Structure formats: C-alpha cells, structure tokens
Amino acid sequence: MSSKTQLAVPAHTQGNTLPQSLMAQSLTAQSLTAQSQTAQSQTAPSKSAPSAEFSTEGPGAVWQRLDDLCRSAGALRGWRRYGGAVLLGIVSSLALPPAFAFPVLWVTLPLLVWMLDGAKRKRQSFLIGWCFGFGLYAASLYWISNALLVFSDRLWWMVPFAALGLPAGLAIFAGFAGLLTRFAAPGPARAFAFAASWVLFEWLRGHILTGFPWNLLGHAWAGTDAMSQAAAWIGVYGLSALVMASAVLPALAAGADARKPSASRRQAAIALAVALPAAVAATGSFRLINAPGIGIADVPGIGLRLVQANIPQREKWQRDLRGPNFFRHLELSEKDRPDWVTHLIWPETAAAFFLEEDGPARAAAAKIIPAGGHLITGAPRRVTDPFSLHNSVVALDERGAVAATYDKAHLVPFGEYMPFRSVIGIDKITAGSIDYSPGPGPRTLALPGLPPFSPLVCYEAIFPGAVVSGTDQRPAWLLNLTNDAWYGKTAGPHQHLTMARMRAVEEGMPLVRATNTGITAAFDAYGREIGRIPLEQPGVLDIRLPRALPPTLYSRLGDGVFLCLLVWLAGMAAWMHRNAGKGATPLN
C-alpha cells in the first residue's frame, strides 16, 4: 500500500482534520502488516495442493534422495570413482560365506551400476568393473596368504602376489563385465547388461585356465537350506543369475536428470528385488517340507566314521612325525566306535607316505578296519613306468590289501604343480620338488559292501557339474577328502565347505567330507547338515549314509538352465536398450 493512500473517514468526523503524525504512523503499520502477510504466504507450505515435484515428507523425499545418490555416483571422477568401486567390492564380500549378508548387494550393486552410467569411455567402464572385482576378491580371498605364512621362512616373499596378484588377475573378468555395459544405454538397460555380463564372465572364470569358481555370487544365497534348493534345478551359476537380477533391480528405482523413473516403476523395482529371493526361499521351503526327515531315508547297514586328527600343517610332512601322525588316525578310528560303523574315512594325505608300498602300515590299518568294511584315505601314490606322482584316494579292505585307488584330476596351480616351471624356475608350494600329475578325471568307485561313490580330492568339490563321471554308473554319494590346515581359522574353510555342500544339492546325492583340521561334515541329498566337527578340533563323526535322490534337473541338463537365464538377462538388456528414451520398460 502506498504512503499516499488516503484513509476512509467516518461521516461524523468529516470536516475535521487528523494530525499528520498520526496518519503517517497508521499508514506505516498497515504497510508492514501487509508485507509480513505476503512473505508468510510465499514461504508457508501449501496444505491443499502438493508440489509438482517432491514434497519434503513421505516417499517422494526418499525417491528424491535416491535420485541424488544416483547422480552423485555417476558424477564421481578420478580416484574417488575407482576408490569407491574398490570399497563397494569390499563391502560386497559380506554377502559371501561365512557372513551370507546378501542384502548388502541391494546397496553396492546399484551404486556400481550408477558409476558405470557415468563412465564416458570404455577404459573407464573396464576400470570401474576391475576395481570392484579387486575389492571383492581381495577381501574374500585374504585367507590364501595364510597358506604362505605357514612356511613363512621360505614363502614370505610370495604373500604380496597372493594377497594382491590373485585378486588383480581375477578382477580382469569383472573388468570385462564392466566393459560390456558400454554397449547398453544408461539406466535400466545398462543395469541388466551388467547382470548378464557379470554372470557370463563368472562362468568363464570357472572354466578358463583350469577354472576357479570360488566365491561365485550365487553362494550369497547358500546360507540357508531353503534358499540352496534352487541349485537342484539351476545350479550355483543359475543362482548367480538370480542374485544379480535381484541386486541390480534397485538401480531401476532411481535416475538422473531426464532418466527419472515413474513412481510405479520405482515401486515395482524394489518389490521385485525383494520378491526374487523370497520366491526362491519359498520354493525351497516347499521342497524341504515334502522331503523325508534327516535320518529317516538312510542306506541300511552302512555306517561311516569320519576322522579329523587336527594335525598342524607344519608337522604333517615332517619325516619323524609321519609315523606318529598315522597312528593318531588309527587310534581315533578305533576309540569308542559303535558296532554299526562299517567303514572308516580319513582326510586328504592322512597317510603322508606311499601307503600302497608300505606293508607294515597297511597291516596296522587292517587291525582297526571293521569286518567286511574298508578304510578310505588320502595318500600320495607313484607310478614307476613312466614315472608320475599323484595325490590319491586309496581304499584298503579288512586284510589291508588295496581295493581301489583314485588319482586327483583337477590339480591346484602353484600348490600341486608349478605352471610355467621352466620360466618361473621355482618349486610348488606343497612338500616335495616333484609336481603332481593329474588323473584321468571323475570316476565312480564300487567297493564290496558299500554303495558306489564319486571321490573328490580337495577343491575338486568346488566345480559345478564336474563331480560325477559322465560314463560310469551314477554314484550313490559323493566323498570329499581335503586338507584345509593351510588356511587356519579364517573364512577359507567355511567357504570351501559351502561350495562342497552345493554339489550335494545340485546332484541330489549325499556328500561326506573328511578334513584334517576341519570342517569335517556330512550332508544329505538336500544339502541338509547331518553333523560336523568344528574347525581345529580333533574328533570323529559317526553317521549313517543317507540315500541319494533321483537325478535332479541340474544333474541331467548341467548348465543348460543357467544359459537360459543368461539369455533372459541379455534379452532384457537388449529390449530396454532398444526402448531407451521411449519411457517403455517391463516395470512401467
């Protein structure tokens, strides 16, 4: 209101003149009041009509913050971008055994996808993926260095190569997964392209250069019996595909600038991310509800004693201790043994000498073998013409005679043989200077009075679809003999146990696992634990052998179902790429 505006004067006062000072004060007061009311009306939130953007309360504010996070992740540059990717990989390792904290992937992988959205060059996409993989593998495979510290006096110099070199090499697969996302449009297409490329290169990691399928992301859902059951149909690689699909879906709930998704797509993305593991768990629970209880469907007349002598790795191969270590196994095999035990199981190289050639040792073993039963143990074995050395499984009958042998086929590089020995010029890490030779591959061993079984030495049990012979008769159970004493009380033995257990679910066969220092355990054909001996504790585990199931879908088709899931993920990425910018996605 202008200071010149005149006040209306009542009729009975007309003709009288107001004092000028009073009129000025009245005009000033009204002017200030009007300005104050105008300012309040501009700043006060409207109670009747919400903002066209997002309000400061409710879901809208959450979506806005998610969009801001998406924009910030994509805007990272330089060391912040690559250091952030390494950090995301480290945090993602919590999803793997033994923590199984798989919900962290709903945070880390969307952030990684948004980082990839912000990459402008192929080199940047590769480095983002590589840095993520390096953090993931460095954090989850830290325990490998412990194997070198067992003999630190001669192997200390290899610790940096194990702690940093191995993760750096494995991260190349993750780098290529990041690189492939460059062929998809930013946003939903790139999220599904990363999921497809990750599981593709995870599968390749399990097969190239002898393969190393350790800590696949599918193991993140192997923490419960119910969620593990899907492996009977799709295998652990198929579980990886579902894990990745679930983990990248939250990335579709946010967008930067023009790529902001609709409210319905945001809600659908979050709902589907949670629904996938829930559906897997529900399906697995239904399968277990209809399964016989543990201990009900056992093979009549078969009892096994698993021996865990807990011999430190530094003492295992000492010449003066090989005899006492052998007799420690004999003592544990006989002490307080129930009458129903028919067969004895010892771990990998429990006999740290050529048992086949040692008559007195076999005679001593014969004294503790149950009548009509066998002792199945790990031991080195040599062939003279032509000469070869093997890491083997040896079965002795009740007379101490050798009833069967199996030579390990999938040898550990650097541990059991030295690749490029002529170039590197050093011996393998394990005892002895002569490299082990591989056996012909998976076999089914049939011993009198025992259902046929497939022997697996050490990490042969980590390879999906490669634990049963394709030509021999189908075995009734899997036997894994291993020595994890190298790794001490770390995550390594727990991860190894988880992977071995998944073979039981995939193949529909019980798995019996004897280890030197732990974790000795047995699982039925559904992967349910029957019993275990804790890590680094001597003891025995007496079990009755569970029955096998009919062949599972995975045992018949192998990775065929996984390949279908891979095609589905790639197809989703291609469909979203084609419709990028048109506002059309399967979640709209």
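Could you rank the peptides 489-497, 268-276 by their average count of other C-beta atoms within 10 Å per residue, with the highest value first? Mind showing how you got there, number by number?
Numbers: 489-497: 20.9, 268-276: 17.3.
Descending packing order for the listed peptides: 489-497, 268-276.
Let me check the size of the chain from its C-alpha atoms; what are the radius of gyration and Dmax in Å?
Cα radius of gyration and Dmax of the chain are 33.2, 139 Å respectively.
Restricting things to alpha carbons, tell me how big segment 259-300 is in terms of Rg and Dmax, in Å.
Gyration radius and largest Cα-Cα distance of segment 259-300: 18.8, 64 Å.
Provide, for q = 0.14, 0.18, 0.28 Å⁻¹, the log10 of I(q)/I(0) from a solvent-free Debye sum over equal Cα point scatterers in segment 139-211.
-0.58, -0.77, -1.14
Measure nothing fancy, just the Cα-based angle from helix 231-248's long axis to the longest principal axis of the chain, in degrees from 0 to 90, nearest 10.
So the inclination is approximately 30 degrees.
Between 0 and 90 degrees, rounded to the nearest ten: what's the tilt of helix 78-92 against the longest Cα principal axis of the chain?
It is inclined by approximately 50 degrees.
Provide the percentage of antiparallel DSSP beta bridges, counting only those with both residues in the chain; round to the nearest 5.
Numbers: 32 of 49 bridges.
Of all bridge pairs located within the chain, approximately 65 percent are antiparallel.
Averaged across orientations, what area in nm² does the convex hull of the alpha carbons in segment 449-588 project?
Working: hull surface 47.7 nm².
Convex hull of Cα atoms, orientation-averaged projection: 11.9 nm².
Which part of segment 479-505 falls in the paramagnetic zone of Ala297, meaning amide N under 15 Å from the point 7 Å along Cα-to-beta-carbon?
504-505
With r defined as the distance between the Cβ atoms of Gln318 and Trp575 and R0 fixed at 56 Å, what FRET efficiency is calculated, to the nearest 0.05? Don't skip to the end; give the middle numbers.
Values: r = 63 Å, r/R0 = 1.12.
Approximately 0.35, to the nearest 0.05.
Any chance you could give the angle, 0 to 90 degrees and rounded to 10, that helix 105-118 forms with the longest Cα principal axis of the chain?
Its long axis makes an angle of about 60 degrees.
Quick one: work out Rg over Rh on the C-alpha atoms of segment 89-130, Rh as Kirkwood radius.
On the way: Rg = 12.0 Å, Rh = 11.1 Å.
Rounded to two decimals, Rg over Rh is 1.09.
Given N residues in segment 185-269, what is its alpha carbon radius of gyration divided by 2.2 N^0.38 Å?
Details: Rg = 15.2 Å, N = 85, 2.2 N^0.38 = 11.9 Å.
Relative to the rule-of-thumb radius for its length, segment 185-269 sits at 1.28.
Show me, for segment 446-460, the HN-Hα J-couplings you get by feeding each phi into the Karplus relation (A = 6.51, B = -1.76, C = 1.60, θ = phi - 60°), rounded to Hz, glycine and proline as x.
10, 10, x, x, 9, x, x, 9, 9, x, 9, 9, 6, 7, 4
For segment 343-484, just say rounded, prolate or oblate: build the C-alpha gyration tensor, square-root its eigenvalues into a ≥ b ≥ c, call rounded for a/c under 1.5, and beyond that prolate if a/b exceeds b/c, oblate if not. Write out the running numbers ahead of the final one.
On the way: a/c = 2.18, a/b = 1.35, b/c = 1.61.
It is oblate, given that a/c is not under 1.5 and a/b is not larger than b/c.
What is the extension gain from Ala371 to Asp472, computed as 0.36 nm multiplied by their sequence separation minus the C-alpha to C-alpha distance, in nm to one decimal? Let's see the in-between values first.
Numbers: separation 101, 0.36 × 101 = 36.36 nm, distance 2.79 nm.
Separation in residues times 0.36 nm, less the Cα-Cα distance, equals 33.6 nm.
What FRET efficiency comes out for His207 versus Arg77 if R0 is 41 angstrom and r is the Cβ-Cβ distance? Round to the nearest 0.05. Numbers along the way, then the final one.
Values: r = 36 Å, r/R0 = 0.87.
E between His207 and Arg77, to the nearest 0.05, is 0.70.
What is the distance in Å between the Cα centroid of segment 79-97 and that of segment 227-277?
19
What's the lysine pair count for the chain at a Cα cut-off below 29 Å, pairs eight or more apart or interchain?
Taking the chain as the scope, the lysine pair count is 17.
Run the quick spin-label model on Leu149 and Ile270: label points 7 Å from Cα toward the beta carbon, then report their separation in nm to one decimal.
Taking the simple label geometry, Leu149 and Ile270 are separated by 4.3 nm.
Would you calculate a helix-derived [θ] at 222 nm for the chain, using -39,500 (n - 2.57) for each DSSP H run of n ≥ 4 and dividing by the full residue count, to the nearest 500? Please report the intermediate quantities before stating the final value.
Numbers: 19 runs with 254 residues, N = 588.
Here the helix-only value at 222 nm equals -14000 deg cm²/dmol.
With a/c under 1.5 counting as rounded, go ahead and sort segment 74-152 into rounded, prolate or oblate using the C-alpha gyration tensor (a ≥ b ≥ c being the square roots of the eigenvalues; past the cut-off, prolate if a/b is larger than b/c, else oblate). Present the calculation step by step, with values, prior to reporting the outcome.
Working: a/c = 3.40, a/b = 1.66, b/c = 2.05.
Here segment 74-152 falls in the oblate category.
Which whole-Hz ³J(HN,Hα) couplings does segment 350-365 yield from phi under the Karplus relation 6.51 cos²θ - 1.76 cosθ + 1.60, θ = phi - 60°, glycine and proline marked x?
Each residue of segment 350-365 in turn: 4, 8, 8, 7, 7, 4, 4, 9, 10, x, x, 5, 5, 5, 5, 5 Hz.
Every number here is computed from the coordinates shown, using simple stated rules; none is lab data. Worth saying up front: this structure is predicted, and the values here are computed from it rather than measured. Cβ: placed from backbone, ideal geometry, glycine included. Neighbour counts: every protein chain shown.
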